[in-house]
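Heads up: the structure comes next, in structure tokens.
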Amino acid sequence: MTLKERITQDMKDAMRSGDKERLGSIRMLQAAIKQREVDERIALDDTQVLAVVEKMIKQRREAIAQFEAGGRADLVAKEAAEAALLQAYLPEQLSQTEVEVLVAAAVSESGASSVKDMGKVMALVKARAAGRADMAAVSALIKSKLSAAG
């Protein structure tokens, strides 16, 4: 079963169970996927659907930070619930040790020696960790490794 099929099945299950919040979040995800398919005139595969899910999770995290700053606990809870639901569609996350090994391998493979080479390393890691690691944390790790090296 593809990821899109799983999302559609989850939407049907949410409809049957009457879970309005879950249904709304899944419909929003499906709308984002459909929008990208229409914009790019393609049918998204699982990797591209994962990218849409990751983008939506990132948006939720940013919104949570904004709502916390504004003292809107009700909206923080709503965004956190949506982020948790979206997180379920991502593959199992890599451990910190696995991420460090992946970054070290990418640094040596790309021959990166300074922060200027960060793009090369990031591209390698992103391809290997697709959906399985927080790219903001990976970016910070790469930056610290390359700063120490350079």
* Asked: Under the condition of being assigned to a helix (DSSP H, G or I) and polar (S, T, N, Q), which residue from the range 103-132 is farthest from Lys55 (Cα to Cα)?
  -> Ser108
* To do: With a cut-off of at least 2 residues that are among the β-branched types (Val, Ile, Thr) and farther than 24 Å from Val125 by Cα, name the helices (runs of 4 or more DSSP H) lying wholly within the range 1-97.
  => 3-17, 20-40
* **Contacts under 9 angstrom Cβ, first residue in the range 8-19 being among the hydroxyl-bearing types (Ser, Thr, Tyr), partner surrounded by 12 or more Cβ atoms within 10 Å (Cβ to Cβ) and in a helix (DSSP H, G or I), 6 or more apart** => Thr8/Ile26; Thr8/Gln30; Ser17/Leu23
* If you scan the range 48-75, which residues turn out to be over 9 Å from the mean Cα position of the chain (by Cα) and either outside the structural domain of Val38 (by TED's automatic domain parsing) or surrounded by 18 or more Cβ atoms within 10 Å (Cβ to Cβ) (or both)? -> Val49, Arg60, Ala63, Ile64, Phe67
* Asked: Within the range 117-136, restricting attention to residues that are of a type outside the set (A, V, I, L, M, F, W, C) and free of Cβ contacts under 8 Å to residues at least 60 places away in the same chain, which residue is surrounded by the fewest Cβ atoms within 10 Å (Cβ to Cβ)?
  -> Gly119
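The values are calculated or read from the model by the stated rules, or taken from the named source; none is laboratory data. No experiment lies behind these values; they were computed from the predicted model shown. Heads up, the Cβs are rebuilt from the backbone with ideal geometry, glycines too, and the neighbour counts pull from every protein chain shown.
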